[in-house]
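Only one structure is covered here, and it is reproduced in the block below.
A short reminder: the numbers here are calculations on the coordinates, not readings from a lab. All values reported here derive from a predicted model rather than from experimental measurement. With ideal geometry, Cβ positions are generated from the backbone for all residues, glycine too; neighbour counts draw on all protein chains shown.
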Amino acid sequence: MLIVEKLSKSYGKNMIFDNLSFNVHPGEIVGLVGENGAGKSTLLSILAMVQKADAGTITLNHQCYQTDKKELRRQIGFVPQDLAIWEQLSVKENMQFFAQLSWVKKDMAELKELCLQMQLEKWDEPVKSLSGGMKRKLNIAISLIHDPHLLLLDEPTAGIDLKSRTEIGRYLKQLASQGKMIIYTSHDMDELRSLCDRVLCIGKDPFYKNIFHESPIPFLAIPD
Ligand SMILES: Nc1ncnc2c1ncn2[C@@H]1O[C@H](COP(=O)(O)OP(=O)(O)OP(=O)(O)O)[C@@H](O)[C@H]1O
Ligand SMILES: [Mg+2]
C-alpha cells in the first residue's frame with residue numbers, strides 16, 4: 001500500500017500543493033487529474049523519487065521514502081510525460097539497454113514478451129520510426145522490466161489513437177488485477193471513468209472538483 005501524508009511542494013514562492021494526503025491500495029488504478037500546471041507531473045516525480053517534497057511522508061509497503069530509498073526504487077516503475085527512450089536504437093536494443101540497468105535478469109524472450117503484451121510487435125525497428133503510441137507502449141514496457149509494485153504513468157494515452165489507448169487501458173487493468181498499484185494522469189474523462197477505481201484531483205481550479213463531485217467514480221481527498 002502507498003501512504004502519502006501531508007505532502008507539500010513549492011517551487012520558490014509558487015506553492016504547488018500543501019498538506020496532500022491519500023492512500024493507494026494494491027490492485028487499484030488511481031487517476032490523477034487537475035488543470036495544466038496543477039502539479040500532476042510534480043507529484044508523480046516525487047512519488048518516483050526523481051525529486052523531493054518539501055514536507056510530508058510517503059511509505060510504500062511499509063518502507064519509508066526518506067530512509068529506504070534503495071529498496072524502494074526497485075518497487076517503482078515510472079513513465080515520465082516526456083518519454084525517456086533512445087530514438088536511435090531499436091525496440092530490442094532499448095529493452096536490452098534498460099534491462100542491463102535493471103535489478104532483475106530478464107532474457108530476450110521475456111523482454112520481447114513484455115512488448116508483445118503491450119501489442120508492440122515492432123522489435124527490430126529503430127524507435128525514431130515508430131508512432132507516438134508505439135513509443136509510449138515501449139516506455140511502459142521498459143518501466144515494467146523490474147516488475148515494480150507501483151506504476152506511475154504521466155499521460156500514457158495523450159495523443160494516442162483509440163485502438164492503442166484501449167490496448168494500454170486493458171493492459172493496465174490486467175496489471176492492476178495482479179496486485180500492482182497504478183497512478184496515472186489523463187485529461188480524458190471517458191477514459192478515467194472506464195479505467196479508474198478512484199480519482200485524485202489536485203490544483204486550484206474548481207472546475208475539476210465540481211465535475212468529479214458529480215461523477216460516479218469515487219473521489220479522493222483534495223487539498224484546498
Ligand atoms: N523545475 C521547476 N521549477 C520551477 N517551477 C516548476 C518546475 N517544474 C514545474 N514547475 C511549475 O510547477 C507547476 C506544476 O507543474 P507540473 O508540470 O507539475 O503540472 P502538471 O499538472 O503536470 O501540468 P500539465 O497538465 O501541463 O502536464 C507549473 O506552474 C510549472 O510551471
Ligand atoms: Mg504534467
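Couple of notes before you dig in:
- Along principal axes, Cα extents of the stretch 23-124, largest first, whole Å: 45, 32, 27
- Pairs exceeding a 29 Å alpha-carbon distance, out of Lys13/Lys40; Lys52/Lys112; Lys9/Lys163: Lys52/Lys112; Lys9/Lys163.
- Residue order, fewest to most surrounding Cβ atoms within 10 angstrom, among Ile85, Ile211: Ile211, Ile85
- Subset of Lys135/Lys204; Lys105/Lys180; Lys6/Lys180 violating a 26 Å alpha-carbon distance limit: Lys135/Lys204
- Dipole of the stretch 89-147, positive end: most advanced residue of Trp103, Val91, Leu130 [Cβ charges, Cα centre]: Leu130
- Our compactness index for the stretch 97-216, the C-alpha radius of gyration over the empirical 2.2 N^0.38 Å, is 1.17.
- Quarter of the Cα convex hull surface for the chain, i.e. its orientation-mean projected area (nm²): 12.0 nm²
- Length gained on full extension, Asp82 to Lys163, computed as 0.36 nm times the residue gap minus the Cα-Cα distance: 27.0 nm.
- Taking the DSSP beta bridges with both ends in the chain, the antiparallel portion is around 45 percent.
- Placing one equal scatterer on every Cα of the stretch 89-147 and applying the Debye formula, the log10 ratio I(q)/I(0) at q = 0.18 Å⁻¹ is -0.50.
- Chain lengthening between Asp147 and Asp205 when straightened (0.36 nm per residue, less Cα-Cα): 17.3 nm
- For the pair Glu5 and Val104, the difference between a 0.36 nm per residue extended length and the Cα-Cα distance amounts to 32.6 nm.
- Rounded tilt (10° steps) of 162-177 against the dominant C-alpha axis of the chain: 80 degrees
- Between helix 108-117 and the chain there is an angle of about 50 degrees, using the helix long axis and the longest principal axis of the Cα atoms.
- With Cα atoms, 0 to 90° folded angle of helix 91-101 axis to the chain main axis: 60 degrees
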